[in-house]
Amino acid sequence: MSILKFIIFFIYPLILFSQTETIRGFVYEESSSEPIIFANVSLKDKGIGSVTDDNGYFIFPNVPYGEYTIEVDFIGYEKQSLSIIITADKKPSVQKIYLNKVNFELDVVDLSTKKNENKNLVNSSVIKLTSKNLEKLPSLGGEVDLAQFLQVLPGVVFTGDQGGKLYIRGGAPIHNKVLLDGMTIYNPFHSIGFFSVFDSDLIKKTDVYTGGFPAKYGGRISSIMSIKTRDGNKKKFSGKLSANTFSSKVLLEGPFLRSVDSNIETSAILSLRSSYLDKTSKNFYSYISEDGLPYAFTDLYGKMSIFSNNGSKFNLYGFNFLDEVEYDNLTNLGWSTYGMGSNFVLVPGSAKMLIEGEIAYSNYNINEESFQEKLTSQINGFNLNLDFTYFMTKESEIRYGLQVSGYSTSLDIINLNNFFSQTDHSTDFAAYIDYNFSKNRFVFNPGFRFQNYTSLGENRFEPRLSMKYNLTEKIRFKASGGMFSQNLISTNDDTDVVSLFTGFLSSTDNIPSSFQNESINSLLQTATHYIIGLEYDILNNLNINIEGYFKKFNQLIGLNRNKIYEDIPEFSGQPDFLKKDFMIEKGDAKGIDILLKYNSKKISIWSVYSFGIVNREDELQIYSPHYDRTHNFNFVFSYVMGKKKLWDLNLRWNYGSGFPFTQTQAYFENLDLSDINLSDFINVNGDLGIIYSDLNEGRLPDYHRLDLSLTKKINLKNSTFMEISLGVTNLYDRSNIFYYDRVNAVRINQLPIMPNIGFNWNF
């Protein structure tokens, strides 16, 4: 009987759906054949709707035989309709629907899309960004950058204009995973905090998970940032040339091979950006430093794509990012990262499935050298991902996949008193499954991830769960949580706000055997997330999102700042936490994020308030890390002016309460008596010694800054246009402290007022 029930369980759905078929397709932009994401697709008069994904893909599974009209609309594009007949003898093919841009926008289109997404997706602790979002920020000489938008996201703290790093809901930068087309990027930001390594004109979509992320993602304990680049223009050759006071850029795209028939399409896109701030700043910003600002970088990215008639595609891409910094001939730092990879999207036959995959290799190398110290670190490795999406019904889908990654890390530290060198090799294997189900007012998204850290001999079973309840069409409650782990360790000291050097290690066993008298049984860093939230559509174009969170960092591993003994037999009686190279910590982060959004045809407002408290605990003390910013507020305003909407005014104001820092109590002369001839004692000068107060018990002054830009668009013929932009960073010249030079007793500030001008030619 049990066998019969088992057979019926699997056969019944086939019987049930035997008189149904699947309607699926892609939505593209007419002028370039670029996929349109978040387009609203519906079956007219049937009450069935969907939203296109990252590939422009939509699907309606298990549709009964009959005649249907597919309607597609998206803000800024003409609505399209397509009739289709499904019978036993006429199976539907993969539909390709092309939308034309219009000169006017209808708010109702955007509302329709958002209602569909709100009803069927949890969207807990995730911000989904497109190129339109980036355009709402003040630009630097006409060029917007992802780094600037990340700074205004809920729960994100950015430490500075120079050497700035992102801290997301209490996690350190090493706890954030950044993915570019599925490839891990180990340093996504240049040393000057205005710029990321990503060309904004290449970005199709960016998903930022600030916590509770799905089972598809792993290997980090705080956040995930997944960036997808767009394909090149499949229809014609086009590009962009730009120049401003900071940098210049060239972007070219178009088909690289024209097929004899229409079954195959191709495209290629190439972007090259290079800064010259170290040179131009001597003239434009000589009041900052007569030697110029010491930053220089170059970014190169290329991608080739091949598309089949049924929507399947194959991409091949590569990149090379370079960064150099030289501070007053005292410190030289340079890093480079390069990589290559491929990914594909496969639409198999008539199956209700989508298959995606990536394979990639990358290398990151960083060096810093001063008169006292030399630091070198390298990480290189590969990742292989295979993902499946199975569309069960219009209310449910299953995502599952396999992931393999391997990397090698090395770190060398040479200074006057010490030499440290370590090389590690790691391999990780993971399998995951995510189930998304929506019915009436309820959305349920459970997931499970199995993570095997082969090099450590450790297995992790990590459940994930997200839920939403639609109380009304305007009010929605949501919650999410899960367990997370990672192997990778950063060599940054979290007490140092000005550290530019980021080295990596993995699989280290040079840690204490216990923490607070409890044995350490794992070499992993682990965390648990708990999140609850509320979404409320106050008006049609006005929405508020409120989320409370608690991140429990169960085990953290980092450089041991408390080390005072060498780990040798002579000091065998001393505790491990005073002699191991790495230390164990625990901690937590809790807070609330409030996001208020307003969008109309001309005005866009993005307002964020974040309240957060971060605590860390080692064997000696409980303290606040240097990025513990209790209050953080961002206000972004964008206004499109003129009858033809050719003027853009963008404004951003940021306020943040002061960061913790360790105060100086006193100075003393440090004499090495073992190396001094007593007869010359009175003539010898020792080194400057500093007596510190308790770790981070002080607070720096509050931070605030206003940025403004104005852009004029000039339309030319044949879809060619120019843009001229004027902007000011730190408009009212606020003196925000960066750090305090204790040795020279000098306050070092963030960057002052910086006007800029830029020019773009789009053809």
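The values are calculated or read from the model by the stated rules, or taken from the named source; none is laboratory data. Not measured: the values here are computed from a predicted model. Cβ placement follows ideal geometry from the backbone for every residue including glycine, while neighbour counts extend to all protein chains displayed.
Does F448 satisfy the condition of being in the same structural domain as E358 (by TED's automatic domain parsing) and within 23 Å of I489 (Cα to Cα)? Considered against the rule, which asks whether it is in the same structural domain as E358 (by TED's automatic domain parsing) and within 23 Å of I489 (Cα to Cα), F448 comes out as no. Would it be correct to say that R476 is surrounded by 20 or more Cβ atoms within 10 Å (Cβ to Cβ), of a type outside the set (S, T, N, Q) and touching a residue at least 24 places away in the same chain (Cβ under 8 Å)? Taking the combined requirement at face value, the residue satisfies it.
I'm trying to understand the selection: among the residues of region 516-532, which are assigned to a loop (DSSP other than H, G, I, E, B) and either crowded, with 17+ Cβ neighbours inside 10 Å or outside the structural domain of I557 (by TED's automatic domain parsing) (or both)?
Going residue by residue through region 516-532, those that are assigned to a loop (DSSP other than H, G, I, E, B) are 516-517, 520-524.
Residues satisfying the conditions are L523, L524.
All of G160, G155, G193 fail the test of being more than 20 Å from K216 (Cα to Cα), touching a Phe, Trp or Tyr at 6+ places or on another chain (Cβ under 9 Å) and without any contact (Cβ under 8 Å) to a residue 60 or more places away in the chain, apart from G193. Suppose the filter is modelled with pLDDT under 90 and within 25 Å of K597 (Cβ to Cβ); does N540 pass it? Criteria met by N540. Please give the number of the condition D593 fails out of (1) in a strand (DSSP E or B); (2) out of contact with any Pro (no Cβ under 8 Å at 6 or more places or on another chain). In the conditions (1) in a strand (DSSP E or B); (2) out of contact with any Pro (no Cβ under 8 Å at 6 or more places or on another chain), D593 misses (2) alone.
Take the residues in region 504-515 that are part of a loop (DSSP other than H, G, I, E, B) and at pLDDT 85 or above, then tell me which one is farthest from the chain's Cα centre (by Cα). Spell out the reasoning first.
Quick first cut of region 504-515, residues part of a loop (DSSP other than H, G, I, E, B) only: 506-513.
In the following step, the residues that additionally are at pLDDT 85 or above were identified as 506, 509-513.
Working: S506: 22, D509: 30, N510: 31, I511: 30, P512: 33, S513: 34 Å.
Step by step, filter region 504-515, then rank; the result is S513.
If I filter region 79-92 down to residues being assigned to a loop (DSSP other than H, G, I, E, B) and surrounded by 13 or more Cβ atoms within 10 Å (Cβ to Cβ), which single residue comes out as modelled with the highest pLDDT? Spell out the reasoning first.
To start, the set of residues in region 79-92 that are assigned to a loop (DSSP other than H, G, I, E, B) comprises 79, 87-92.
Narrowing further to those that are surrounded by 13 or more Cβ atoms within 10 Å (Cβ to Cβ): 79, 92.
Values: K79: 89, P92: 78.
Filtering first and then ranking leaves K79.
Just one of the listed residues (E570, E617, E585) is at pLDDT 90 or above, out of contact with any strand residue (DSSP E or B) (no Cβ under 8 Å at 6 or more places or on another chain) and more than 30 Å from V636 (Cβ to Cβ), namely E570. Is it fair to say V27 is assigned to a strand (DSSP E or B), more than 16 Å from E395 (Cα to Cα), in contact with a Gly (Cβ under 7 Å, 6 or more places away or on another chain) and touching a residue at least 12 places away in the same chain (Cβ under 8 Å)? For V27, the condition - assigned to a strand (DSSP E or B), more than 16 Å from E395 (Cα to Cα), in contact with a Gly (Cβ under 7 Å, 6 or more places away or on another chain) and touching a residue at least 12 places away in the same chain (Cβ under 8 Å) - is met. Among the residues of region 367-405, the one identified as under 18 Å from V325 (Cβ atoms), buried (at least 19 other Cβ atoms within 10 Å of the Cβ) and among the small types (G, A, S) is S377. The residues on offer are E368, E324, E395, and the sole one that is closer than 22 Å to T423 by Cα, in the same structural domain as I192 (by TED's automatic domain parsing) and not basic (K, R) is E368.
Please go through region 533-559 and give me each residue that is surrounded by fewer than 17 Cβ atoms within 10 Å (Cβ to Cβ) and β-branched (V, I, T), ordered by number. Once the filter is applied, which keeps residues that are surrounded by fewer than 17 Cβ atoms within 10 Å (Cβ to Cβ) and β-branched (V, I, T), region 533-559 yields I538, I544, I546. Only residues that are in a strand (DSSP E or B) and farther than 30 Å from E473 by Cβ were counted across region 403-446, and they come to 28. Taking the listed residues E535, E585, E547, the one that is assigned by TED's automatic domain parsing to the domain that holds H175, of a type outside the set (A, V, I, L, M, F, W, C) and either part of a loop (DSSP other than H, G, I, E, B) or farther than 30 Å from M467 by Cα (or both) is E585, with no other qualifying. Of the residues examined, I564 is not one that is modelled with pLDDT under 95, in a strand (DSSP E or B) and either among the β-branched types (V, I, T) or farther than 22 Å from S490 by Cβ (or both).
Could you please find all residues in region 730-763 being under 24 Å from F284 (Cα atoms) and not in a strand (DSSP E or B)? Give the derivation first.
Kept after step one, since they are under 24 Å from F284 (Cα atoms), are these residues of region 730-763: 730-738, 747-761.
Answer for region 730-763, where residues must be under 24 Å from F284 (Cα atoms) and not in a strand (DSSP E or B): N730, L731, Y732, D733, R734, S735, N736, Q750, L751, P752, I753.
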